[in-house]
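See below for the structure under consideration.
The values are calculated or read from the model by the stated rules, or taken from the named source; none is laboratory data. From a predicted model like this one, the values you see are computed outputs, not experimental measurements. Here the Cβ is made from the backbone with ideal geometry for all residues, glycine too, and neighbour counts use every protein chain on show.
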Amino acid sequence: MLGSMLKQIINTMEVIPEDISRGLKEQLSTIHGYEPKLVDIVKILQLISLTKPTFMCIDGLDGCMEAQRVRILDSLQQILKRASDTRIFMTGRPMFRRKSKNVLLGGW
């Protein structure tokens, strides 16, 4: 999910800043055809979020398996810690919204 979000963000950028471009090139040279790891995707999303206002919209996360949802929410929390101007809009069932809000604000 975050890899897809990264692609969408990069595709909307007219100019990719040098540090992000360098990071992408490093990733491409080290993964040899494999998908980047979640930690690498998070780092690149953090860099992008630091260079431009970023708004992420996530729908249907409550439909993911619990383990995947936890990893995604933890990753989003890491992005918010480094790029506090980033905004995230999520939709989901009321119980999920309360739980995710707690995670994104700093705790389970």
Selection from segment 1-46 of residues that are modelled with pLDDT under 85, closer than 22 Å to Ile88 by Cα, in a helix (DSSP H, G or I) and among the basic types (Lys, Arg): Lys7
Qualifying position, being touching a residue at least 40 places away in the same chain (Cβ under 8 Å) and of a type outside the set (A, V, I, L, M, F, W, C), among Ser49, Ser75: Ser75
Candidate set: segment 48-72, residues that are under 14 Å from Met5 (Cα atoms), part of a helix (DSSP H, G or I) and hydrophobic (A, V, I, L, M, F, W, C); chosen: the one nearest to the chain's Cα centre (by Cα): Ile72
Pairs where the first residue, in segment 2-18, is surrounded by 11 or more Cβ atoms within 10 Å (Cβ to Cβ) and the second is not aliphatic (A, V, I, L, M), C-beta under 8 Å, 6+ apart: Leu2/Ser75; Gly3/Glu35; Gly3/Pro36; Ile9/Thr54; Met13/Lys52; Pro17/Thr51
Residue that is surrounded by the most Cβ atoms within 10 Å (Cβ to Cβ), among those in segment 73-98 that are in a helix (DSSP H, G or I) and either at pLDDT below 85 or β-branched (Val, Ile, Thr) (or both): Ile79
